[in-house]
1. What do you reckon, is Ala162 free of Cβ contacts under 8 Å to residues at least 40 places away in the same chain and more than 30 Å from Ile39 (Cβ to Cβ)?
2. Only residues that are surrounded by 14 or more Cβ atoms within 10 Å (Cβ to Cβ), without any contact (Cβ under 8 Å) to a residue 12 or more places away in the chain and either under 19 Å from Val60 (Cβ atoms) or not assigned by TED's automatic domain parsing to the domain that holds Leu93 (or both): list them for the stretch 15-47, please.
3. Among the residues of the stretch 156-194, which ones are not in a helix (DSSP H, G or I) and not hydrophobic (A, V, I, L, M, F, W, C)?
4. Do we have Pro135 as over 30 Å from Asp44 (Cα atoms), in a strand (DSSP E or B) and not aromatic (Phe, Trp, Tyr) here?
5. Considering each of Leu173, Leu148 in turn, give the residue that is surrounded by 10 or more Cβ atoms within 10 Å (Cβ to Cβ), closer than 30 Å to Pro98 by Cβ and of a type outside the set (Lys, Arg).
6. Are any residues in the stretch 143-160 of a type in the set (Gly, Ala, Ser) and under 29 Å from Arg45 (Cα atoms), and if so, which ones?
7. Name the pairs whose Cβ atoms lie under 9 Å apart, with the first residue in the stretch 192-219 and under 25 Å from Glu133 (Cβ atoms), the second at pLDDT 95 or above and of a type in the set (A, V, I, L, M, F, W, C), and 6 or more positions between them or separate chains?
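The values are calculated or read from the model by the stated rules, or taken from the named source; none is laboratory data. What you see is a predicted model; the values in this text were computed from it and never measured. So basically every Cβ, Gly included, is an ideal-geometry build from the backbone, and we count neighbours across all protein chains shown.
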Amino acid sequence: MSDMDDVDRQDMPGALVEAYLQRERGTLALLDELEKLSIEGEYDRLRDRIRTFARNNQEVFYTVALALTGSKHFFGDVESQLGGEPADKLRDLAETYPSLSEPFSLVRMEISNERHNPLTGLDVTTTYHSEEEVPLVAYTAYSGGVDLFEYRGSPQEVLQSASYLVQATNDSLEAALREDHSVNTDELGELIDRREKLESELNHLHDLIDELRRKPVGDG
């Protein structure tokens, strides 16, 4: 369990906010620099700068990350412990730096939950290679504004990659069962939903393959 886990569950954010207030001027200057990186589209540099900030100023980072999410519960706790002025200063952060909300949230997830570059989106395009008579799939994976990787391949190559990922998922669950580890309710529920979605897509794939089997090669 990391120190950030302890902070994430902390019911009394007063100490965190006091650390921020002591470093407010320098923190605002840093946020101005980070916002400039966001506006310029320097998302990789932005993510790395936020990670460094989190490592070096954990309490201040966490205060800013919570403020940028606009959490009413967090603001309410701050106001009840430290008064209205500190709470208003933190509310101003969310209004002044909206472009930093997502990258701070993703770095918070990385640190608190031991993730790295959480996947937030996938852009997909399809084309057709007429000489080979093969559709092509191209996609780019994103974590916020950060491009994680680009890929282009045929449907069977895409499915090969997918099978690797499903196998890796099974390996992780088998390892947890061997070690008699549990999986929390939220994760298990999401896992069931993902499996049902996957089964639905595979059923559709089965129907498409059956239709292609009945279509002569070179026919269109």
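1. Numbers: free of Cβ contacts under 8 Å to residues at least 40 places away in the same chain: yes; more than 30 Å from Ile39 (Cβ to Cβ): yes.
Considered against the rule, which asks whether it is free of Cβ contacts under 8 Å to residues at least 40 places away in the same chain and more than 30 Å from Ile39 (Cβ to Cβ), Ala162 comes out as yes.
2. Leu28
3. Let us first name the residues in the stretch 156-194 that are not in a helix (DSSP H, G or I), namely 179-184.
Selection gives Glu179, Asp180, His181, Ser182, Asn184.
4. Values: over 30 Å from Asp44 (Cα atoms): yes; in a strand (DSSP E or B): yes; not aromatic (Phe, Trp, Tyr): yes.
Judged against the criteria, Pro135 is a match.
5. Values: Leu173 fails: closer than 30 Å to Pro98 by Cβ.
Just a single option satisfies the conditions, and that option is Leu148.
6. At the first step, the residues of the stretch 143-160 found to be of a type in the set (Gly, Ala, Ser) are 143-145, 153-154.
Scanning the stretch 143-160 gives Ser143, Gly144, Gly145.
7. Once the first residue is under 25 Å from Glu133 (Cβ atoms) and sits in the stretch 192-219, its partners that are at pLDDT 95 or above and of a type in the set (A, V, I, L, M, F, W, C) give Leu205/Leu159.
Every residue, every condition in (1) among the basic types (Lys, Arg); (2) farther than 14 Å from Thr69 by Cβ; (3) surrounded by 11 or more Cβ atoms within 10 Å (Cβ to Cβ); (4) outside the structural domain of Phe149 (by TED's automatic domain parsing), yes or no:
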position	(1), (2), (3), (4)
Arg91	yes, no, yes, yes
Ala94	no, no, yes, yes
Tyr97	no, no, yes, yes
Leu100	no, no, yes, yes
Pro103	no, no, yes, yes
Val107	no, no, yes, yes
Tyr128	no, yes, no, no
Glu133	no, yes, yes, no
